[in-house]
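Written below as structure tokens is the structure these notes are about.
The values are calculated or read from the model by the stated rules, or taken from the named source; none is laboratory data. This is a predicted model, so every value here is computed, not measured. Here Cβ is always computed from backbone atoms with ideal geometry, including for glycine, and neighbour counts include all displayed protein chains.
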Amino acid sequence: MQASNPLSRYAPQALAVLRIVTALIFIIHGTQKLFGFPAAPASGLPAAFTLFWFGAILEALGGFLILIGLWTRPVAFVLAGEMAYA
């Protein structure tokens, strides 16, 4: 017989908080690289259509998709690959 974990009832809320915080971190880093907001990166804003620029697009758009919960697993897979490459 398996013992009931008293914290298991908070699992959905904890996963939602984890998803939202992760999405906000990706959005912040993407907008920082694209628009210089909240602070421009030390190397400056990337030129359009470079790998750095595409990474910023992936982070901003992927973070937004994770935030709203649309295609969460495929987007998280792509962003994990982008972070492994970075």
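Some notes on this structure:
- Filtering segment 24-38 to residues that are aromatic (Phe, Trp, Tyr) and surrounded by 15 or more Cβ atoms within 10 Å (Cβ to Cβ) leaves only PHE26.
- Segment 65-86, residues that are small (Gly, Ala, Ser), in contact with a Gly (Cβ under 9 Å, 6 or more places away or on another chain) and in a helix (DSSP H, G or I): ALA76
- Listed by first and then second residue, the pairs with beta-carbon distance under 8 Å, at least 6 apart or on different chains, first residue in segment 65-86 and more than 17 Å from ILE25 (Cβ to Cβ), second modelled with pLDDT of 95 or more and part of a helix (DSSP H, G or I), are TRP71/LEU65.
- Failed condition for VAL21, given (1) at pLDDT below 95; (2) exposed (fewer than 15 other Cβ atoms within 10 Å of the Cβ): (1)
- Residues considered: PHE37, PHE26. Of these, the only one that is in contact with a Ser or Thr (Cβ under 7 Å, 6 or more places away or on another chain) and at negative phi is PHE37.
- When residues of segment 39-64 are limited to those that are free of Cβ contacts under 8 Å to residues at least 12 places away in the same chain and in a helix (DSSP H, G or I), the one surrounded by the most Cβ atoms within 10 Å (Cβ to Cβ): PHE54
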